[in-house]
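What follows draws every value from the coordinates through simple rules; no lab data is involved. Bear in mind that the values here come from a model prediction, so they are computed numbers and not experimental data. Glycine gets a Cβ as well: all are built from the backbone with ideal geometry, and neighbour counts include every protein chain shown.
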Amino acid sequence: MLRAAPFLLMAILLLPVAAGGLATLLPAFGYLPALGGTALSLDPWRALLAWPGLGRAVVLTAGTGAAATGISLGLAVALAIAARRAGVLAVIEAALAPLLATPHAALAIGFGFLAAPSGWIARLAAWAVTGWQVPPDIATVQDPAGIALVLALCLKETPYLLLMILAALAQVQAPARQLMAQGLGYGPRRAWLFGVFPLVWPQMRLPVMAVLAFSLSVVDVAIILGPSNPPTLAVQVLRWFGDPDLALWFVASAGAMLLAGIVLAALTLLRGAEAAVAWAGRQVARTGRRGGSGFDGVTLGGGAVVAIVALAALAVLGVWSLAQSWRFPDLLPRGWTLASWQAQAPGLAGTAGVTLGIGVAATAIALLLAVACLENERRIGHRPHASLALLYLPLLVPQVAFLFGMQALLVRLRLDGTLAALVWAHLIFVLPYVFLALADPWRAFDTRLLRTASCLGAPPWRVLLHVSLPLLARPLLAAAAAGFAVSAGLYLPTLFAGAGRVATLTTEAVTLSSGGDRRVVAVMAAAQALLPLLAYALAVGLPAWRARRRAGLAVAA
């Protein structure tokens, strides 16, 4: 039974990507029998190239994706260096949880409320400096250059990359290596860069690639904060897929394949940049320069700004959802009320229930598969295989490049809009995060405890249930919280697998984000952010509660 788990895991991940990608690729060359396309042609590509906004959309896509990834990686690396020297890693790790739990759409809406011409930042400026009585006529949200989109992505991706760096540091004996480099006369920053980072980067490569692919192909954040005429390529492809003129599906498929090509080219360039940076680092190391104290205070200050802005974006959602009247340039509402929550409560309860049900089902299945695969790996004594890199495949392929094809297959199977289709679509993205979050703690578990239990006569299944799972409860709950947070924030998989008929908190928040009533938008976004935060609170609180219950227990003599 356990031996089949790895094959089932790979089938769940790879079959939808491969089949969906093929079902999107064929219409890109004119083959879609359902719409009369039975011969291959280049007409979809000619129509795509004839679209007037294509060049601008490609530049926006590449520019915002590369900028968001580069800034996020630079901030994460600088913070890891400065925080280790300043001894504030524990504080940073504690602050990461709420930022990681918040879905992209909720954070983007909150950032929009901060950065809009009538947002909190402009209100603070009016109160402290400018004296504005009306909002300034400045495009701070949905600006043509996509600056707001880049900043919002950095707020979300910097904590994720920092967490990946901190996890990698625990596996490379970072303190000892840094002390060794400092003993050779290097300053703390150069000691980290030359002695520690080269060992950290191989474990960071795939997460950085996933961030780059996501930033290039993100849809929900781009709809909320990105430029609209023309939009980024991923948003335009989604518009074509949703157009009543079904002939545009051919153009949309060609656009999806073009986006996949852009992502592939960006990942290739990233590998080239990695080699170039490694070569430059070796040249600098050969010079023998040992200085470089760095600007740790400035770096930590920049990290504090990122955290403050992200937390302020969450806070402003709560303020708007409770605001009775909040006119510019008032810093706070003139009155507080629960009317917005009460008005949305009937629909909100059902939408939250759907979000919760899909998330719990997808996370539970992902946990079962991850545990089965890792337990099988331990029993047969195999080391982690390089094929585990395939876990990242759904995160590296643009979602629009295979989800439309997956939807077409679901329609043929008469599964579109069903709970099974939604759970499967979410599982494709939840499973990699759950497996990767659980893999290291599971592999680091002290197997002597298992051998002791086996020597006492316990069968393997009982050892798993009564020894492994209870002692690994904390990482299991953390992996479950991460998986549920991913599920709660999925927009395109819900849209395509649900055929537009199933509403979750994410789809409703993105749809309402273009509306006029900020109170309604804030209620939906706050509810969307609240569910993953509760999941993380349970993941932290349940082990502590269990430890308190067991405190003082002793075996009677």
Percent of alpha-carbon pairs separated by more than 19 Å within the range 83-187: 62 percent
Descending semi-axes in Å of the range 410-455, equivalent ellipsoid built from Cα gyration tensor: 39, 13, 6
Rounded, prolate or oblate (a/c below 1.5 giving rounded, otherwise prolate when a/b exceeds b/c) for the range 307-348 by Cα gyration tensor: oblate
Dipole of the chain, positive direction: furthest Cα of ALA408, SER228, PRO394, with charges on the beta-carbon: PRO394
Dipole moment magnitude, nearest 20 debye, the range 127-278 about Cα centre, only Lys, Arg, Asp, Glu C-beta charged: 760 debye
Mean projected area (nm²) of the alpha-carbon convex hull when the range 413-529 is viewed from all directions: 9.8 nm²
The range 87-127 shape via C-alpha gyration tensor axes, a/c threshold 1.5: oblate
Shape of the chain, Cα gyration tensor, a/c cut at 1.5: rounded
Cα pair count fraction exceeding 18 Å, expressed as % - the range 1-83: 71 percent
Likely footprinting exposure, GLU508, GLU377, fewest C-beta neighbours within 10 Å first: GLU377, GLU508
Distant-in-sequence amide H partners of TRP336 (H built 1.01 Å from N, under 5 Å): GLN324
Two-site FRET efficiency, PHE328 against GLU93, from Cβ-Cβ distance with R₀ of 51 Å, rounded to 0.05: 0.85
Sorted by Cβ density within 10 Å, fewest first, the residues ILE12, ILE428: ILE12, ILE428
Virtual spin-label span in nm between ARG286 and ASP440, 7 Å along Cα→Cβ: 3.4 nm
Fewest-first ranking of MET180, MET406, using other Cβ atoms within 10 Å as the exposure measure: MET180, MET406
Near-label residues of the range 420-446 by backbone N, under 20 Å of a point 7 Å along Cα→Cβ of LEU22: 425, 428
Nearest-20 debye value, the range 1-125 charge dipole, Cβ charges on Lys, Arg, Asp, Glu: 220 debye
Helical contribution to [θ] at 222 nm, DSSP H n ≥ 4, -39,500 (n - 2.57), averaged over the chain, rounded to 500: -23500 deg cm²/dmol
P(r) tail fraction, the range 175-303 - alpha-carbon pairs more than 24 Å apart, %: 53 percent
Set of the range 394-429 residues, backbone N closer than 19 Å to the point 7 Å along the Cα-Cβ line of GLU274: 394-398
Peptides 394-400, 186-192, 302-308 ordered by average Cβ neighbours within 10 Å, highest first: 394-400, 186-192, 302-308
Rg(Cα) / (2.2 N^0.38 Å) computed for the range 335-463, rounded to two decimals: 1.48
DSSP H segments from the chain that extend 18 Å or more along their own axis, Cα-based, with Kyte-Doolittle mean of 1.6 or above: 5-28, 89-101, 147-169, 296-322
